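Derivation of every value follows stated rules applied to the coordinates shown; laboratory data play no part. None of these values were measured; they are calculated from a predicted model. Virtual Cβ from ideal backbone geometry, glycine too; neighbours counted across all protein chains shown.
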Amino acid sequence: MYGNDFGDFDDPGAGPLNAADTGEVEAAAAHADRRAELDLSDFDAIIAADQRIEPRDAMPEEYRQTLIRQIAQHAHSEIIGMQPEGNWLTRAPSLRRKAILIAKVQDEAGHGLYLYSAAETLGITREELLDRLHNGKQKYSSIFNYPTLTWADIGAIGWLVDGAAIMNQVPLCRCSYGPYARAMIRTCKEESFHQRQGFEALWDLMRGTEAQQAMAQDAINRWWWPALAMFGPRDTGEHAVKGGHTAQSMAWGIKRFSNDELRQRFVDMTVPQAERLGLKLPDPELKWNEERGHYDFGEIDWDEFWRVLKGDGACNAQRMERRVTSHKQGAWVRDAAAAYAAKSEGRKAAASNEGSAA
Ligand code: FAQ
């Protein structure tokens, strides 16, 4: 049930369903650590040789802060991203769909844990990271401030939001910071399953009743533009937003591609899939450009994007309120786990003292 084996739409001629299906994750996982052989210890030399920086290496403070910012924002997105989908756990249309959705939401929590652990290797505590989320000093992805109004939104999130997330995250498997790159490898594999289940849910709806088809189309109409905005502001050409992080992050090997390039790749991969599904993407300017070898597409509503980032999206307040409340409600679990760990440590210490006295 959880495999990548949905037979009816697996047409080998149709190309990969998402960026993790291209072999790039496996290629990144096979990255050879040649630091010892090359005798590399200096930060710039390690970056120039496309090797990985590890937690105990000396690194520029700006590199460390950039990674904390990006990894934390990514971790926060994973755990806040559980909310819009969690909204449908009790209302999934079948037991099979419910089991799949529970597994997916649970995976997102796991991704949050890998990422918080990666951020902690940079010398910041989990507590501080969560404080920064709760007091608004750190962000989470704009996409999770949109509501999930119907069951089809769950399909749209899987297909488009996970699809966009993977397009962005596959290159991060080659990020110059070792713990982040390694966390991304497992995450991308799991996200690939998430994207496929979204495609499959929409596939079923599009082969259902007229009302189901209309529900799927309505979901795509609402999620398409926010999914394109997930890649971040324009960062190439004359429309590039000033003061962005791309140039420096690419020089450090954190980002491997610009936001604009990844967005274009996502559009190019997704348009033929929309055609196979029978869904219309809500952009009158979307058309193949023979000369460029890419699809042209319309302009994202950037005012809306910045408004959502500043807290004025449909669900910002609700997401934060739920997040802070559930964190408070979970305090007793954290206290109990810490007390248990301290007790176990005490017992171990007492046993080893007895052992050495005997
Ligand atoms: N939302 O100069 P850039 C997922 C901010 S995971 C909010 O381009 P950068 C899984 C940016 O922080 C989704 N803020 O910045 C899932 C910066 O602000 P600052 C999350 C955004 O960092 C699926 C400013 O704009 N994925 O979906 C956004 O180099 C389904 C200027 O931007 C990641 O976090 C945005 N969309 O590039 C879970 C991937 N875009 O800090 C549940 C890792 C930009 O200066 C269900 N992150 N900003 O105040 C990245 O790759 C990068 O951080 C980018 C932004 C590409 C997001």
Discussion item. Compute, for region 220-340, the length of the dipole vector about the Cα centre, with Cβ point charges of +1 (Lys, Arg) and -1 (Asp, Glu) only. Units Debye, rounded to 20.
Written reply: 740
Practice prompt. Assign unit charges at the C-beta atoms only (+1 for Lys and Arg, -1 for Asp and Glu), then state the dipole size of region 289-358 relative to its Cα centre in Debye, rounded to the nearest 20.
Written response: 920
Discussion item. Given the options Leu309, Val271, Leu40, identify the residue whose Cα lies farthest towards the positive end of the charge dipole of the chain (+1 on Cβ of Lys, Arg; -1 on Cβ of Asp, Glu).
Written reply: Leu309
Worksheet entry | Per residue convex hull volume, Cα atoms of the chain, in Å³ | 191
Practice prompt. Give, rounded to the nearest 20 debye, the magnitude of the charge dipole that the chain has about its Cα centre when Lys and Arg contribute +1 at Cβ and Asp and Glu contribute -1 at Cβ.
Written response: 1320
Worksheet item: For region 124-203, what's the relative contact order in percent, using C-alpha pairs closer than 8 Å and at least 6 residues apart?
Response: 35
Practice prompt. Using +1 at the Cβ of each Lys and Arg and -1 at the Cβ of each Asp and Glu in the chain, identify which of Met215, Ile185, Tyr146 lies farthest towards the dipole's positive end.
Written response: Tyr146
Item to complete: Filter the cross-link list Lys189/Lys242; Lys98/Lys139; Lys139/Lys287; Lys104/Lys310; Lys104/Lys328 down to pairs whose alpha-carbon distance in this structure exceeds 26 Å.
Response: Lys189/Lys242; Lys98/Lys139; Lys139/Lys287; Lys104/Lys310
Discussion item. Under 4 °C and 1.567 mPa s, how fast does region 199-314 diffuse according to Stokes-Einstein, given a Kirkwood radius computed over C-alpha pairs? Answer in µm²/s, whole number.
Written reply: 81
Fill in: Kirkwood hydrodynamic radius of region 171-234, Cα pairs, Å
14.2
Response to the item:
Counting only residues 5 or more apart in sequence or on a different chain, those whose built amide H sits under 5 Å from that of Ile53 are Tyr177, Gly178
Worksheet item: Across every pair of different alpha-carbon atoms, what Kirkwood hydrodynamic radius in Å does region 84-171 reach?
Response: 14.8
